[in-house]
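Asker: Structure incoming, see below.
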Amino acid sequence: MSIRVEQLTKEYGAQRAVDGVSFEIPKGQVLGFLGPNGAGKSTTMKMITGFVEPSAGQIEVCGIKTAENPMAAKAKIGYLPESNPLYYDMFVKEYLHFVARIYGLKSIKTRVKEMVELTGLTREQHKKIGQLSKGYKQRVGLAQAMIHDPEVLILDEPTSGLDPNQLEDIRSLIVDLGKEKTVILSTHIMQEVEAMCERVIILNKGKIVADNKTGSLKSSPKKRDVVWFKVKDKQAKDFNLEHIRVTTGEAGFLIAEASNRSDLAEEIYRYCVERGYVLQHLAQEQSSLEDVFKNLTK
């Protein structure tokens with residue numbers, strides 16, 4: 001496993017920010033690390049990267065126990081924090097050379113050129129970082145996180161401030177990196193998680209409340225199932241179904257709602273056929289990752 005976390009806990013006085021979190025991430029997986037503000041996501045990532053010391057628990061990065069050999073573990077990790085601290089008075093290319101020297105890389109000039117091209121900074125490489133837009137500053141942050149070719153990438157809000165074109169480029173880059181590396185991606189943009197992440201972990205109040213493949217998590221039972229349908233010359237009052245609520249929606253549609261009824265669409269169809277109603281439209285509302293997130297973290 002590239003990352004193994006066992007009973008990870010972090011306490012700040014009487015507050016327990018992370019509460020006995022355990023998970024493993026194999027090489028070649030992009031993991032969406034989600035949760036509301038204050039759930040413990042950033043604290044967990046900072047503990048994995050070595051920026052914050054755990055109160056209890058163990059962390060292994062590429063087989064290295066961070067408590068026993070923190071420098072060796074850190075060398076395996078590329079980290080883009082949410083704050084993206086950069087030296088604004090340095091030029092882009094100068095800054096990447098500086099980071100490469102810190103890591104003791106060989107062929108620094110070649111590696112910097114590769115990172116500039118990979119993150120789309122070619123036209124901006126001779127500018128001061130402070131002159132760049134927020135989106136290009138994010139690209140510089142990504143370049144510094146990847147410059148030493150780490151086995152693990154931990155990215156906290158990496159797509160913040162990117163325009164749609166930049167977003168597509170960085171999304172493709174992260175997906176490609178995930179084929180060979182382990183990537184932990186934290187974001188509040190659920191569409192990005194669905195587009196990039198094979199697996200999702202959701203934290204709430206310091207604990208893991210979900211850990212599953214993205215598709216499986218979206219198809220998990222919902223608290224309420226909803227069907228939109230349209231029947232010729234019929235209204236909501238014409239439907240009297242046990243434990244199913246039918247109301248009037250927009251544009252002549254009717255809305256059927258029930259708790260945990262995966263067969264709701266079949267029931268509406270059967271009801272209409274038995275009574276000779278002309279069913280013109282029938283569609284079950286699909287659960288989104290956002291719905292799952294809200295249900296688990298309210």
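Asker: Residues being more than 11 Å from the chain's Cα centre (by Cα), under 25 Å from D211 (Cβ atoms) and not aliphatic (A, V, I, L, M): count how many of those fall in region 161-196. Can you show your working first?
Answerer: Going residue by residue through region 161-196, those that are more than 11 Å from the chain's Cα centre (by Cα) are 161-182.
Cutting the leftovers down to under 25 Å from D211 (Cβ atoms) gives us 171, 174-182.
Those still in the list that are not aliphatic (A, V, I, L, M) too: 171, 176, 178-182.
Residues meeting the conditions: 7.
Asker: On the basis of being modelled with pLDDT of 90 or more, surrounded by fewer than 20 Cβ atoms within 10 Å (Cβ to Cβ) and touching an Asp or Glu at 6+ places or on another chain (Cβ under 9 Å), does K205 make the cut?
Answerer: Working: modelled with pLDDT of 90 or more: yes; surrounded by fewer than 20 Cβ atoms within 10 Å (Cβ to Cβ): yes; touching an Asp or Glu at 6+ places or on another chain (Cβ under 9 Å): yes.
So K205 passes the test.
Asker: Now, a different point. For region 11-59, give me each residue that is part of a strand (DSSP E or B), touching a strand residue (DSSP E or B) at 6+ places or on another chain (Cβ under 9 Å) and free of Cβ contacts under 8 Å to residues at least 60 places away in the same chain.
Answerer: Quick first cut of region 11-59, residues part of a strand (DSSP E or B) only: 11-12, 15-25, 30-34, 56-59.
Imposing the further condition that a residue be touching a strand residue (DSSP E or B) at 6+ places or on another chain (Cβ under 9 Å) reduces the set to 11, 16-25, 30-34, 56-59.
Listed by number, the residues that qualify are E11, E24, A56, G57, Q58, I59.
Asker: Take the residues of region 248-265 that are under 17 Å from Q280 (Cα atoms) and in contact with a Leu (Cβ under 7 Å, 6 or more places away or on another chain): which is surrounded by the fewest Cβ atoms within 10 Å (Cβ to Cβ)?
Answerer: For region 248-265, the residue satisfying everything is T248.
Asker: Further, regarding this structure: Please state which one of V209, V231 is within 30 Å of S55 (Cα to Cα) and touching a residue at least 12 places away in the same chain (Cβ under 8 Å). Working first, answer last.
Answerer: Details: V231 fails: within 30 Å of S55 (Cα to Cα).
One residue alone meets the criteria, V209.
Here's the yes/no breakdown for (1) part of a helix (DSSP H, G or I); (2) closer than 23 Å to S133 by Cβ:
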site	(1), (2)
I174	yes, yes
I184	no, no
E192	yes, yes
A195	yes, yes
I208	no, no
D211	no, no
L217	yes, no
D225	no, no
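Matching residues to (1) touching a residue at least 40 places away in the same chain (Cβ under 8 Å); (2) hydrophobic (A, V, I, L, M, F, W, C):
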position	(1), (2)
S107	no, no
T122	no, no
K128	yes, no
M146	yes, yes
L155	yes, yes
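Asker: Would you confirm whether any residue within region 82-92 is farther than 22 Å from L173 by Cα, surrounded by 16 or more Cβ atoms within 10 Å (Cβ to Cβ) and either not β-branched (V, I, T) or not assigned by TED's automatic domain parsing to the domain that holds G206 (or both)? Explain how you work it out, then say what you get.
Answerer: Filtering region 82-92 down to residues farther than 22 Å from L173 by Cα leaves 87-91.
The next check asks that each one be surrounded by 16 or more Cβ atoms within 10 Å (Cβ to Cβ); those that pass are 90-91.
Checking which are either not β-branched (V, I, T) or not assigned by TED's automatic domain parsing to the domain that holds G206 (or both) leaves us with 90-91.
Taking every residue of region 82-92 in turn, at least one turns out to be farther than 22 Å from L173 by Cα, surrounded by 16 or more Cβ atoms within 10 Å (Cβ to Cβ) and either not β-branched (V, I, T) or not assigned by TED's automatic domain parsing to the domain that holds G206 (or both).
Asker: Go through region 229-244 and count every residue that is in a strand (DSSP E or B) and under 11 Å from L264 (Cβ atoms).
Answerer: Restricting attention to region 229-244, the residues satisfying the condition of being in a strand (DSSP E or B) are 229-231, 241, 244.
Within this subset, residues satisfying the condition of being under 11 Å from L264 (Cβ atoms) are 229, 241, 244.
So the answer is 3.
Asker: Specify the residue that is modelled with the lowest pLDDT; the eligible residues are those in region 275-298 that are among the small types (G, A, S) and surrounded by 12 or more Cβ atoms within 10 Å (Cβ to Cβ). If you could, list the steps in order and put the result at the bottom.
Answerer: Of all residues in region 275-298, those among the small types (G, A, S) come to 276, 283, 287-288.
If we keep only those that are surrounded by 12 or more Cβ atoms within 10 Å (Cβ to Cβ) as well, we get 283, 287-288.
Details: A283: 90, S287: 67, S288: 75.
Filtering first and then ranking leaves S287.
Asker: Looking at this structure, is R245 charged (D, E, K, R), out of contact with any Leu (no Cβ under 7 Å at 6 or more places or on another chain) and surrounded by 18 or more Cβ atoms within 10 Å (Cβ to Cβ)? Give the steps one after another, and end with the answer.
Answerer: Working: charged (D, E, K, R): yes; out of contact with any Leu (no Cβ under 7 Å at 6 or more places or on another chain): yes; surrounded by 18 or more Cβ atoms within 10 Å (Cβ to Cβ): no.
Here the answer is no, as R245 does not meet what is asked.
Asker: Given the conditions (1) surrounded by 11 or more Cβ atoms within 10 Å (Cβ to Cβ); (2) within 34 Å of the chain's Cα centre (by Cα), report the number of the one that C272 does not fulfil.
Answerer: (2)
The values are calculated or read from the model by the stated rules, or taken from the named source; none is laboratory data. Being a predicted model, the structure only gives us computed values, none of them experimental. Cβ coordinates were reconstructed from backbone atoms using ideal geometry, including for glycine residues, and neighbour counts include every protein chain displayed.
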